[in-house]
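The values are calculated or read from the model by the stated rules, or taken from the named source; none is laboratory data. In this text, all values refer to a predicted model and were calculated from it rather than measured experimentally. Note that each Cβ is placed from the backbone with ideal geometry, even for glycine, and that neighbours are counted across all protein chains shown. Accessible surface is based on the protein model in full, side chains and every heavy atom, while ligands, DNA and RNA are left aside. Shrake-Rupley method; radii C 1.70, N 1.55, O 1.52, S 1.80 Å.
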Amino acid sequence: MRRANLGEGGPGQYVSSGYSVYEEENEHLQEGLRAKVTALKSLTIDIGSEVKYQNKMLEDMDSDFDSTGGLLGATIGRVKQLSRGSQGKLLCYMLLFCLFVFLVLYWYLRLR
């Protein structure tokens, strides 16, 4: 049986020059693999940190939306209560005023 680049040694015996070439190549490939694993580890740690940060932001937004939903629900309840009474004219003026305020804010932000 013939072994390539292993020299003239007998079966199972390696000549040091051929063996060292393979060892050097393995060490070189091992260093490259180690660098890639280190880069992947760093990347996964960064991704984990970003996911934790994003989850915290989502939880904060969820609580903000819940509080805003409660406030909006209470406001809608008050508007419904006003509409049930005989204050239809007052409700109409209030809605027109709100529309006017929103339009003024829209134009102000649009021109800014």
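Here the Karplus relation 6.51 cos²θ - 1.76 cosθ + 1.60, evaluated at θ = phi - 60°, turns the backbone of the range 54-66 into coupling constants of 5, 5, 5, 4, 5, 5, 5, 5, 4, 5, 5, 5, 4 Hz, with x for every Gly and Pro.
Given a 1.4 Å probe and the protein chains as shown, V21 ends up with an accessible area of around 90 Å². A crude spin-label estimate for the pair T68 and K36, with each label 7 Å from Cα along the Cβ direction, gives 4.6 nm. Could you run the Debye sum over the Cα atoms of the range 24-104, one equal point scatterer each and no solvent, and tell me log10 of I(q)/I(0) at q = 0.17, 0.19, 0.25 Å⁻¹, two decimals? Once normalised to I(0) and log-transformed, intensities are -0.86, -0.93, -1.10.
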